[in-house]
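Presented below is the structure to which this report refers.
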Amino acid sequence: MSDLYWLNDEQMAKLEPFFPKSHGNPRVDDRRVLSGIIFINRNGLRWRDAPEAYGPHKTLCSRWKRWSEKGIFAQMLLELADRGGTTDTLMIDATHLKTHRTASSLGLKKGGRGRLIGRTKGGMNSKLHTVTDAQGRPLRMFLTAGQRSDYIGARALLDGLPPARHMLADRGYDADWYREALENMGITPCIPARKGRKVQIRHDEVRYRKRHKIENSFARLKDWRRVATRYDRCPKVFLSACALPAVVMFWL
C-alpha cells in the first residue's frame, strides 16, 4: 500500500545503534516492525488494526511495550538530539494531552509514581514538559499529571539542559529560583515578568518573539494521534509515544 510508512536506509542506519542485542532467536525484520509502530502511533490505531504489511500485530505491540519500558525510544531522542549540534538558545514550555478512557485509571502500582494523569478543567490530562533548541526541535521531555505546575517540569529538566546562552519561556516560568539557577549555568533567561511583581524584570522582546517555534513544535507533535490523545496507561510507554514522533520528524 502506497500510503503506508516505511523507514529508509539512512534512517535505519541512525536508529540501529540503539537496538538491543537479541538473545536466542533473531528478531524479525526491524525495519518492518519499527515502521509499523510508527504508523500505529501516527494514526492512533489499535494494534489489532495494523495493516498486514507490517506483520502480526502482537509482534508490533510486544516490541513497542518492551522497548518502551527499557527506555530505548527516549534514549534515541536524547542521543540523536545531542548529536544534532550546539544551540545558543533553548526554549521550554508545557502542553496538556487529553487522556482516553482506556488510560484514565488512577490506580497506583506498588512502588510506582502512579499514572501521571490528573483532573483539570478540560478533563483528565497529562502534561508534557519539553525543552527545544532555537529551531523548536525537542531535546528533553518530562511527563507529569495535568494539574502539576510548570515549575515541576522546569525543575526536573534543569540538570539535563545542554549548554546554551539564552532560555526563552513564558511568564509561567517567572520564578526567582529558576532565573538564578539558569544564570548559575551561564544561561540568560528571557522570561516576561509576572504582572504581580513589585519590581518588573525586563526581557529581550525581539528575542522572545522566536518562542512561537516551540508552540509550532507542539502542534506538529499533536498531529500524531497517539500523542494528542493518551491511550497508554503506563507513563513510560506514553513518554515513548511522545519521544518517537520527535525522533522521526526532527532528528531522522
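Quick one: which of E52, E69 is within 17 Å of D232 (Cα to Cα) and open to solvent by 60 Å² or more (accessible area, probe 1.4 Å)? Show your work before the answer.
Values: E52 fails: within 17 Å of D232 (Cα to Cα).
Of the residues listed, the single one that is within 17 Å of D232 (Cα to Cα) and open to solvent by 60 Å² or more (accessible area, probe 1.4 Å) is E69.
H212: out of contact with any strand residue (DSSP E or B) (no Cβ under 9 Å at 6 or more places or on another chain) and either open to solvent by 80 Å² or more (accessible area, probe 1.4 Å) or within 28 Å of L78 (Cβ to Cβ) (or both), yes or no?
The answer is yes for H212.
Determine whether segment 140-152 contains at least one residue that is part of a helix (DSSP H, G or I) and out of contact with any strand residue (DSSP E or B) (no Cβ under 6 Å at 6 or more places or on another chain).
Yes.
Given the options R202, R194, R171, R207, name the one that is of a type in the set (K, R), in contact (Cβ under 8 Å) with a residue 40 or more places away in the chain and open to solvent by 30 Å² or more (accessible area, probe 1.4 Å). So that I can check it myself, show each step before the final result.
Numbers: R202 fails: in contact (Cβ under 8 Å) with a residue 40 or more places away in the chain; R194 fails: in contact (Cβ under 8 Å) with a residue 40 or more places away in the chain; R171 fails: in contact (Cβ under 8 Å) with a residue 40 or more places away in the chain.
Unique residue meeting the criteria: R207.
Which one of these does A154 not meet: (1) at pLDDT below 95; (2) under 28 Å from A243 (Cβ atoms); (3) touching a helix residue (DSSP H, G or I) at 6+ places or on another chain (Cβ under 6 Å)?
(1)
For segment 209-225, what are the residues that are in a helix (DSSP H, G or I) and either aromatic (F, W, Y) or closer than 22 Å to I37 by Cβ (or both)?
S217, F218, R220, L221, R225
Can you name the helices (runs of 4 or more DSSP H) wholly within segment 1-115 that have at least 2 residues being under 15 Å from S240 (Cβ atoms) and of a type outside the set (K, R)?
30-43, 57-69, 72-83
Any residue at all in segment 24-35 that's hydrophobic (A, V, I, L, M, F, W, C), open to solvent by less than 70 Å² (accessible area, probe 1.4 Å) and in contact with an Asp or Glu (Cβ under 9 Å, 6 or more places away or on another chain)? Break it down into steps so the answer makes sense when it comes.
To start, the set of residues in segment 24-35 that are hydrophobic (A, V, I, L, M, F, W, C) comprises 28, 33-34.
Next, from what is left, pick out any that are open to solvent by less than 70 Å² (accessible area, probe 1.4 Å): 28, 33-34.
Subset that is in contact with an Asp or Glu (Cβ under 9 Å, 6 or more places away or on another chain): none.
Within segment 24-35 (the criterion being hydrophobic (A, V, I, L, M, F, W, C), open to solvent by less than 70 Å² (accessible area, probe 1.4 Å) and in contact with an Asp or Glu (Cβ under 9 Å, 6 or more places away or on another chain)), the answer is no, since none of the residues qualifies.
So which residues in segment 236-249 are over 16 Å from R42 (Cβ atoms) and either crowded, with 21+ Cβ neighbours inside 10 Å or free of Cβ contacts under 8 Å to residues at least 60 places away in the same chain (or both), if there are any at all?
Within segment 236-249, L239 is the sole residue that qualifies.
The values are calculated or read from the model by the stated rules, or taken from the named source; none is laboratory data. Please read all numbers here as calculations on a predicted model, not as lab measurements. We place every Cβ from the backbone using ideal geometry, glycine too, and count neighbours over all the protein chains shown. To get the accessible areas, we keep the full protein, side chains included, count just its heavy atoms, and leave off ligands, DNA and RNA. Shrake-Rupley method; radii C 1.70, N 1.55, O 1.52, S 1.80 Å.
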